[in-house]
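**Q** Dropping the structure in here first, questions after.
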Amino acid sequence: MKRKTWIITGVAVLAFGGVLSLFEDEPAKTSAENAKPTATASATQDAKPSTSTPEPSSGIPSPDTAQTATLIRALNAIDPGLAAKEERAVNRSRNVCLDVKGGKEAATVQSNAKARFEGGTVPSLTEDQAADIVTAVKSSFCN
């Protein structure tokens, strides 16, 4: 009889642990998402101004508040739809910068920038606009 009790108890503990592990993944994902800096979060920081050094976790350069404002102004000048969603525009710009820092050829960087920014609020971009996006990224924070 003791053996059945131990088996039932063991199964119950394992089942309970399995159920708990299902809920454990979600908070970890949420805290990882909350750890990512956003354009909004950096825009509201008034303490120390951040620099354009790479983020420790991703290695992708990120603009500080002033650089973000410069970048958004430049993107708006190219096409207002490019900066319609500021956080998305900054993330796409960071990826363009990663291409630049990664030493990709200029034509590849431009082509990737065009692919990243096309769609949604900007259905299509010209080659000149794509080149202007790369210039905006380089001149605002990716130097």
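The values are calculated or read from the model by the stated rules, or taken from the named source; none is laboratory data. What you are looking at is a predicted structure, and each value in this text was computed from that prediction instead of being measured. Cβ atoms come from the backbone with ideal geometry, glycine included; neighbour counts cover every protein chain shown.
**Q** Mind checking which residues of the range 43-68 are at pLDDT below 95 and assigned to a helix (DSSP H, G or I)?
**A** A43, T44
**Q** Follow-up. When you check S139 against the structure, is it within 22 Å of A84 (Cβ to Cβ), touching a residue at least 40 places away in the same chain (Cβ under 8 Å) and of a type outside the set (A, V, I, L, M), yes or no? It would help to see each step written out before you state the result.
**A** Details: within 22 Å of A84 (Cβ to Cβ): yes; touching a residue at least 40 places away in the same chain (Cβ under 8 Å): yes; of a type outside the set (A, V, I, L, M): yes.
Considered against the rule, which asks whether it is within 22 Å of A84 (Cβ to Cβ), touching a residue at least 40 places away in the same chain (Cβ under 8 Å) and of a type outside the set (A, V, I, L, M), S139 comes out as yes.
The rows are residues; the columns are (1) under 13 Å from the mean Cα position of the chain (by Cα); (2) under 14 Å from V122 (Cβ atoms); (3) in contact (Cβ under 8 Å) with a residue 24 or more places away in the chain.
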residue: P61; (1), (2), (3): yes, no, yes
residue: D64; (1), (2), (3): no, no, yes
residue: T68; (1), (2), (3): no, no, yes
residue: A74; (1), (2), (3): no, no, yes
residue: L82; (1), (2), (3): no, yes, yes
residue: R88; (1), (2), (3): yes, yes, no
residue: R92; (1), (2), (3): yes, yes, yes
residue: D99; (1), (2), (3): no, no, no
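**Q** Take the residues of the range 101-143 that are within 16 Å of R88 (Cβ to Cβ) and over 20 Å from the mean Cα position of the chain (by Cα): which is surrounded by the most Cβ atoms within 10 Å (Cβ to Cβ)?
**A** So the residue we want is L125.
**Q** For the range 69-143, which helices (runs of 4 or more DSSP H) that fit wholly inside it have 2 or more residues that are over 20 Å from G59 (Cα atoms) and in the same structural domain as G59 (by TED's automatic domain parsing)?
**A** Values: elements: 86-101, 106-117, 127-140.
Because the criterion is at least 2 residues that are over 20 Å from G59 (Cα atoms) and in the same structural domain as G59 (by TED's automatic domain parsing), the helices (runs of 4 or more DSSP H) in the range 69-143 that meet it are 106-117, 127-140.
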